[in-house]
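Visitor: Would you mind keeping the following structure in view while I ask a few things?
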């Protein structure tokens, strides 16, 4: 699942002690395991070997150039949602010809830039967008490759803020409207109908929603393939990861592990995913696209933070750390769970205490854990917020005028700085008084 474990009493990323990185680069600090990223991509790639397929990594999950370059060297495609993400892929050495462009609000400038870079396909989210793409392509004397994003109205039963596949969401085209819109699109001379796409949500931890959505889509896909000679069917992303998991340390309780795992947190294995979907998809004879992000990067990263103060109110024990919601907003935004591990392994008989682990920002929502069982902590201790590789740094901000953290990528025994820490001068770059 990942390559973070205790070695000789120290929590390591691959072969590198995290405490060494925290002292060298300071905290808060994001640390990523290159080998974990590679293994996750390769495991999915190999599981889908019976299909003609392309994995398009969702850049929004983690867009650091070091991570994008790692995936580009594996011949990954990329799922982008902005001109900036396309620029990042290009700078990282990725093939823009293997990029799919998603998102409900593509601007004319973004469409033009994507066409100039010869992207693989636009995932079209509305009829208005389809006509805008056609207009831009006509002005450029190009044919724009498109796939209509179908909203199959399948509830993935995930968090309300990351579900995308029902008619309550802003994404995609209603299932019943798709055949007529494909027909109208076929009359546009500067549009090439290249595929059909769906995406039902993120952090899906059972295979059942994928099966329901694919089964519902199959008759429509076959019909559109026959009518319009489509090349591919994209089943989107959304493969969930395990946030509540134990280190191989003998401390599953304080780390927040197996003793607390509920049914909703059982891992969706890639073997089960492939075994369930390949028999449905292979008879199509089409190329299959996937757009995973969290699955590849989520458990490949941690956020390191140091304990600054303790505050005991009589009802709550607060451990105040130097990281904050501007560095990792997921707990504040989604009420999400991240396991917390000290960098120095506690003794086996360590007595647990319960803490609210909070940051220094002037918001009551600035927390990472509430009433969490942890081993004894002292001021200056460094903690790892686990499973922070996806939607961590990419959602970071400068709220409270806080510089964003540095990022380090580890490969075996070596660690390299892949983004330096922002300076105070960076905070006002481009501003005038």
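Visitor: Using the basic label-point model (7 angstrom from Cα toward the beta carbon), what is the residue 310 to residue 141 distance in nanometres?
Guide: In this crude spin-label approximation the distance works out to 7.4 nm.
Visitor: When DSSP beta bridges are limited to those with both residues in the chain, what percentage is antiparallel, rounded to the nearest 5? Spell out each step's value before the answer.
Guide: Numbers: 34 of 72 bridges.
Percentage antiparallel, nearest 5: 45.
Visitor: Ok, one more. Could you tell me the relative contact order of the chain? Use alpha-carbon pairs under 8 Å, at least six residues apart, and round to a whole percent.
Guide: Once divided by the residue count of the chain, the mean separation gives 20 percent.
Visitor: Once the Cα atoms of helix 127-140 and of the chain are each reduced to a long axis, what angle between those two axes, in degrees from 0 to 90 to the nearest 10, is obtained?
Guide: 70 degrees
Visitor: Rounded to whole Å and sorted largest first, what semi-axes of the equivalent ellipsoid does the C-alpha gyration tensor of the chain yield via the square root of 5 times each eigenvalue? Spell out each step's value before the answer.
Guide: Numbers: eigenvalues 325, 113, 76 Å².
Output for the chain: semi-axes of 40, 24, 19 Å.
Visitor: Relative to the longest principal axis of the C-alpha atoms of the chain, give the angle of the C-alpha long axis of helix 34-47, reported between 0 and 90° and rounded to the nearest 10°.
Guide: 40 degrees
Visitor: Next up: What do you get for the angle between helix 270-281 and the principal long axis of the chain? Use alpha-carbon atoms, 0 to 90 degrees, nearest ten.
Guide: 10 degrees
Visitor: Report the FRET efficiency, 1/(1 + (r/R0)^6), for residue 211 and residue 184, where r is their Cβ-Cβ distance and R0 is 25 Å, rounded to 0.05. Before the final figure, lay out the partial values.
Guide: Details: r = 31 Å, r/R0 = 1.23.
My answer for the efficiency is 0.20.
Visitor: Could you sort 201-211, 287-297 so that the peptide with the highest average Cβ count within 10 Å comes first and the rest follow in order? Don't skip to the answer; put the middle values down first.
Guide: Numbers: 201-211: 20.3, 287-297: 25.5.
Ranking the peptides 201-211, 287-297 by packing returns 287-297, 201-211.
Visitor: Hey, what's the Kirkwood Rh for region 24-68 if you take every pair of different alpha carbons, in angstrom? Don't skip to the end; give the middle numbers.
Guide: Numbers: mean 1/r = 0.0790 Å⁻¹.
For region 24-68, inverting the mean 1/r across all distinct Cα pairs yields 12.7 Å.
Visitor: Here's another thing I want to ask about it. Fully extended, how many nm does the chain gain between residue 42 and residue 15 (0.36 nm per residue separation, minus their Cα-Cα distance)? Mind showing how you got there, number by number?
Guide: On the way: separation 27, 0.36 × 27 = 9.72 nm, distance 2.08 nm.
Gain on extension, residue 42 to residue 15, equals 7.6 nm.
Visitor: If the chain between residue 333 and residue 229 were fully stretched, how many nm would it gain, using 0.36 nm times the residue separation less the Cα-Cα distance?
Guide: Difference between extended and current length: 33.2 nm.
Visitor: Also, I was wondering about something else. With a/c under 1.5 counting as rounded, go ahead and sort region 299-427 into rounded, prolate or oblate using the C-alpha gyration tensor (a ≥ b ≥ c being the square roots of the eigenvalues; past the cut-off, prolate if a/b is larger than b/c, else oblate). Don't skip to the end; give the middle numbers.
Guide: Details: a/c = 1.80, a/b = 1.25, b/c = 1.45.
Oblate.
No value in this document is a laboratory result; all are computed from the given coordinates. As the structure is a prediction and not an experimental result, all values here were calculated from the model. Counting neighbours? That spans all protein chains shown, and the Cβs are built from the backbone with ideal geometry, glycine included.
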